[in-house]
Each structure stands twice: as C-alpha cells, then as structure tokens.
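S.K.: To start, I am sharing the structure in question, which I have written as structure tokens.
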Amino acid sequence: MTSPSQLRRSLGLFDAFSIGVNAIIGAGIFVVIGLAAGAAGPALIASVLIGSLISTLTAFSFIHLSRKITREGGAYEFVHELMPRPIGFISGWLWVFSNTIAGAAVAIGFAHYLAFLVPAADPRYYAIAVSLAFTFINYYSVKASAVLGNAINVVKLIILLFFIALGTFSVRVENFTPFAPNGIGGVIGGASLIFFAFTGFARITTVSEEIVSPEKTVPQATILSLVVSAIVYVFVAVVAIGLVGGPALAGSGSPLADAIAVAGVPTATLIITIGALVATSGVLLTSVLGVSRVMYAMAKNGDMPSFLGRVDLKSGIPFYAILFSGGLMTLLAASNDLAVVVSVSNVSALLYYALSNASALKLGGGRKMACVSIAGVISCLTLLLFLSPESLVLTMIIAGFGFGYYVLKGRFGKRPVGHMMPPK
C-alpha cells in the first residue's frame, strides 16, 4: 500500500553526519582530485582550501534556511519557498540534473578503480552494475541505507588515514615546484572542480523530514561533515602531490592508487583501491538518496509527476522516486567522459547554490548573515567563469527543457501554503 506522503523520522545526528561525509569524501578525493591537479599543479592544496571556503559560505546559508524550512528537498525547497515559483522549479530541476550526473560520475569513478583491481571487463559495465545495486539498497529502507553509510564512513576514513601516514614518508619536496604552473586561473579552475566534492554537504538537507529534530540536527551535521572533510582533503592533497606531482595525478583515472605505489609497499595500492571502491560507493548511496528526495519534494509541490511523491506505507520510502532516479543514473553511467560529466554537474550546482544563497538573503537574519549570503552568491557565480563554455551551454539547454516542461504543465498558478517553521 502507498500514501501520497508519509515519511518517517529515523535518522539521528551520526546518520546525518555520515550522509554528508559520504557525499563529500568519495569520487572527489579519489578521482576528481587528479583532474584538479591537472589545472592547479601543486597549488591543488590552495584549490582545496578555496573550494572548501566557498562551500562553507553556502553551507551557512543552508543552515540559516534549514532552521526555518524543515521539509524534504533541500536547496529546491528553500528556493521554492522564498523565490518566485518558476525560479524554485528551475532550482529543483537543476538539482535533479546535477546530482543525477554527479551520481553517474561517481559510478564511473568506482568503475575505474574496480577495473584497476579486476581488469576483466569494460569499466562501463561495472558502473552500470554498481548504480543498480545502490538503487535497490535505497529501495529497501532509509535506515538500512544509513547503517551501511555509517560503516562505509568508518572504513574509508581509516584507509585515508593509512594513505596519509604511509605516504608522508615518501613525499619529495621537488614535486611542489613550480607551485602554481598555470597561475591563479589554474588555482581557481582547480577549486571549481574540487567544489564538485564539497557540494555534497547539502545532501543532508534533502532528507530533513526523515531526521529527528532537523532544526538542530541538520546544522550540526552540516558543520561537522564540512570540517572533517576539509581536513582530510587538505592532508590527502599534500601527500598525493608530494608523492608523484601534479602531472602524474592529472593523467591517472585512479590517482591515489598510483600515488601510493611510490611508497614501495605492494599491498598499499590494493588497500587504497579498496578504499576508493568503498568511498565512491558511499557517495553513490547518498546520490540516489538525495535525488529521489528532491524528486519526491517536487512531486508534492506539483512540479513533477504525482506518482514520484508516493510513499510505501511499510518501508516509509518514496519508492517510485528512488527507482526513477536510480534508473537515470544507471543510463548516464554508461558514459565514460568524467571531465565533461564533472564540469556539467558543477555548472548546475553553482547555479542552484547561488539561488539558495539569494533565498537566505531574502529570508533575512541580520547584517552578518546578509554578508555571508552575498559572498556565497558572488563566489558561486565567480567559479562559473572557470568552467568550460561547453558545459555552460549544455546546462542552459537542460534548464531550457525544464522551463518548457514547466510552462506546458501550467505551473504558474497560486503558491501553496508556506511550510516554514514559525518564529520562536
């Protein structure tokens, strides 16, 4: 039996924190870090710091918004609630598009590492298989997904600490020169790619209706996940550059596995490869979770077909939304161009995060909050300038298709009753 909307609050602080860390520490640190090193060189370290700072500005806007708007849907629900309805729809459309592509990118990253370990099949078959597997795990129940996510977090953090500890002894200082071979443009370009990873913090807000005391738990989990992830990223970037240098990382589909091979410990490469598989699977787990919940929220608001808003009464999950989002990721995972996938996903993310910052500005909250939100808008729009023109054009085309669907559906009607928390 199904219900139009009847989600269950079953996730605590550690569950929410794990969703954030699983979304941030995955393909970004094990795969995209190589692409960013190609743009920034050893200044990858600065790119990581800039990417995390920009994400933190936006995170404060999300925290401000999440205290008032505790419904499922995250960035989409914030913009839908506070901005004109067409803009809210486009925000949700871009979220679904961006995170679906991001999930496919993660599946591709998983496939590269698995092919490194088991080179018996075409990597795209691995990508398709893992996408299907985590779709059905999400379909089983949100609590089961959370338990698995918690275990994944512990394993991958231990393995990354192993990489840092072992790699430190083989770091070569000469690999840090020249520090910024492509200048400040390369550093910002690297930050725009690393931002792909840090955007995962917002995955927490997409499940607000399933979190216990969301007005307290969501802000705490968001800050904790960003702080822990930023520290891990910085140390891994320093060690990876120190081991093999920027060009070697840029030319690898499995950069951390190739970097640790320099340490001369035969089992180390195997351990890091397993860590990459664990970490990317954690991101994919939360990708299906996040996209399905935004689809669910959009369906409840009439911005997507109503069947996506139906919930199974026994498991308490929006099962149609899960199957639909997982199916889309599986189809996109058949692609194997990671650089294009990441760039297109980033354009969409930067646009809807800029809108989220603007929504926080409209919500109010004093001069300090206004300064943070304005800085968040400016920083997101600035990073857009360093992404490829092709990815900008493709994203605009996708947004155009979305707006066409919105017009045909006749969604310019009256806004439904608001859902913000009453002032205390």
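Read-outs throughout are calculated quantities, based only on the coordinates presented, and are distinct from any laboratory measurement. Please read all numbers here as calculations on a predicted model, not as lab measurements. As a convention, Cβ positions derive from the backbone with ideal geometry for all residues, glycine included, and neighbour counts pool all protein chains shown.
S.K.: Given points 7 Å out from each Cα along the Cα-Cβ axis, report the Tyr140 to Leu117 separation in nanometres with one decimal.
M.R.: The two pseudo-label positions are separated by 1.8 nm.
S.K.: Can you compute the helix-only [θ] at 222 nm over the chain? Use -39500 (n - 2.57) per DSSP H run of at least 4 residues, normalise by all residues, nearest 500 deg cm²/dmol.
M.R.: Working: 16 runs with 301 residues, N = 424.
Dividing the helical sum by the residues of the chain leaves -24000 deg cm²/dmol.
S.K.: OK, next. Using a simple charge model, +1 on the beta-carbon of Lys and Arg, -1 on the beta-carbon of Asp and Glu, nothing else, what dipole does the stretch 9-409 show about its Cα centre, in debye to the nearest 20?
M.R.: Numbers: 19 positive and 14 negative charges, 177 e Å.
My answer is approximately 840 debye.
S.K.: Measure nothing fancy, just the Cα-based angle from helix 85-117's long axis to the longest principal axis of the chain, in degrees from 0 to 90, nearest 10.
M.R.: 30 degrees
S.K.: Moving on. What's the angle, to the nearest 10 degrees (0 to 90), between helix 13-24's Cα axis and the longest principal axis of the chain?
M.R.: On a 0 to 90 degree scale, this one is about 60.
S.K.: If neighbour count is taken as other Cβ atoms inside 10 Å, put Lys68, Lys156, Lys409, Lys314 in order from fewest to most.
M.R.: Details: Lys68 20, Lys156 27, Lys409 14, Lys314 10.
Lowest to highest Cβ neighbour count: Lys314, Lys409, Lys68, Lys156.
S.K.: Looking only at chymotrypsin sites (Phe, Trp or Tyr not before Pro) in DSSP loops with at most 11 other Cβ atoms within 10 Å, what is the longest site-free stretch of the chain? Write down the numbers at each step before the final one.
M.R.: Values: sites that count: Phe169, Phe412.
It runs 170-411.
S.K.: Calculate how steeply helix 123-140 sits against the longest principal axis of the alpha-carbon atoms of the chain, using the helix alpha-carbon long axis, and give the answer as 0 to 90 degrees to the nearest 10.
M.R.: With rounding to tens, the tilt is 40 degrees.
S.K.: Averaging over every viewing direction, what projected area does the convex hull of the Cα atoms of the chain cover, in nm²? Mind showing how you got there, number by number?
M.R.: Details: hull surface 75.7 nm².
Its average projected convex-hull area is 18.9 nm².
S.K.: Sort Ile33, Ile63, Ile152 so the one with the fewest other Cβ atoms within 10 Å of its own Cβ comes first.
M.R.: Ile63, Ile152, Ile33
S.K.: Anything over 30 Å Cα to Cα? Flag those among Lys300/Lys368; Lys156/Lys314; Lys216/Lys368; Lys314/Lys362; Lys314/Lys409, in the order listed. Please report the intermediate quantities before stating the final value.
M.R.: Numbers: Lys300/Lys368 34 Å; Lys156/Lys314 32 Å; Lys216/Lys368 20 Å; Lys314/Lys362 39 Å; Lys314/Lys409 32 Å.
Beyond 30 Å: Lys300/Lys368; Lys156/Lys314; Lys314/Lys362; Lys314/Lys409.
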